[in-house]
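To keep things clear, I will list the structure first and then write my remarks on it.
Just so it is clear, none of the values below were taken in a lab; they were calculated from the coordinates. As the structure is a prediction and not an experimental result, all values here were calculated from the model. For neighbour counting, all protein chains shown are included, and Cβ atoms are generated from backbone atoms with ideal geometry for every residue, glycine included.
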Amino acid sequence: MRISRYRLALVLLASVLAACSTPSGQLPPPQRPVPRPSTPAPSRTVAHWQPLLVPGYTSYDIATSTLIQEGDSTAALMTDSSTTRVAVTLTLQPTAGGLAAVVTLDSATLQWGDSTAVLPANVQHSSNSVFLTNTGAQQAGQALAPVACDSAAPISVPVQQLVVALPDTVQVGSSWEDTTSMTTCRAALPISVAARHSYHVVRSDPSIAGTALVIQRSSELRYSAGDSSGGGYALLLTGTGHGSGTLLVDAEHGALIAATDTLTATFSVQTANAVSIFSQHATRDIRQRP
């Protein structure tokens, strides 16, 4: 079937498109103690936080499930599905003016159909490193390193997937926008993703670390992939997508605690012989690993 010619590239591509989208779905609320009926509730005050990232190591598990259809959603010709499970470690190290952030791939497993592939681990790639301010934004004047995809880095997780750029001060009801751009690798294919995100703090909840901010985020995405014949693929990909979801962020230190998200996208894949239209629906779950 025609979709098999693109299967590996699209299955690996799907995880990055989902990961660059915004989280959706609802995170399970933490349990709260039931107040005694005789105790009057304290008066509510508006709390403000100034979250700042701190140096250290944080490990994450990322699971992405994807459904890809050749043709649009009303006239699908072929359907393929995949599940990608990735374990990574985010390292933040102090530098002049902020933090150096690096993501290392600890393990990765890809399942599609009846096939399972274990991908190389302990890989640091040029797209995994970036200089950040202490609030999670990319430092001005710090351009991302050029990405050279090869078989030694079949899958990579950009820093932007695990770090949320926050305002200097946030409270319940705060809203803001930002834009991100990144290039990453899937199956030796360089993929560029540009996104505009909108955020809104819904509430604050108690967490193990202290207070967590529940943030809704929506995104509009544009993505493209050029020729990569050296990796076994000669294709041009363009498309657009949108996502929505929920983030759980440490109110004091700005670290991502958990996220769930969905993404719907449509993209065109052009090869030397044909042009095909694909639609995609993906869900992703990110959790800190103890």
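Among the numbered criteria (1) surrounded by 19 or more Cβ atoms within 10 Å (Cβ to Cβ); (2) touching an Asp or Glu at 6+ places or on another chain (Cβ under 7 Å), which single criterion is violated by Gly254?
Checking Gly254 against (1) surrounded by 19 or more Cβ atoms within 10 Å (Cβ to Cβ); (2) touching an Asp or Glu at 6+ places or on another chain (Cβ under 7 Å), the one that fails is (2).
Residue-wise test of (1) over 30 Å from Glu70 (Cα atoms); (2) not hydroxyl-bearing (Ser, Thr, Tyr).
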site: Ser82; (1), (2): no, no
site: Gln93; (1), (2): yes, yes
site: Leu99; (1), (2): yes, yes
site: Thr104; (1), (2): yes, no
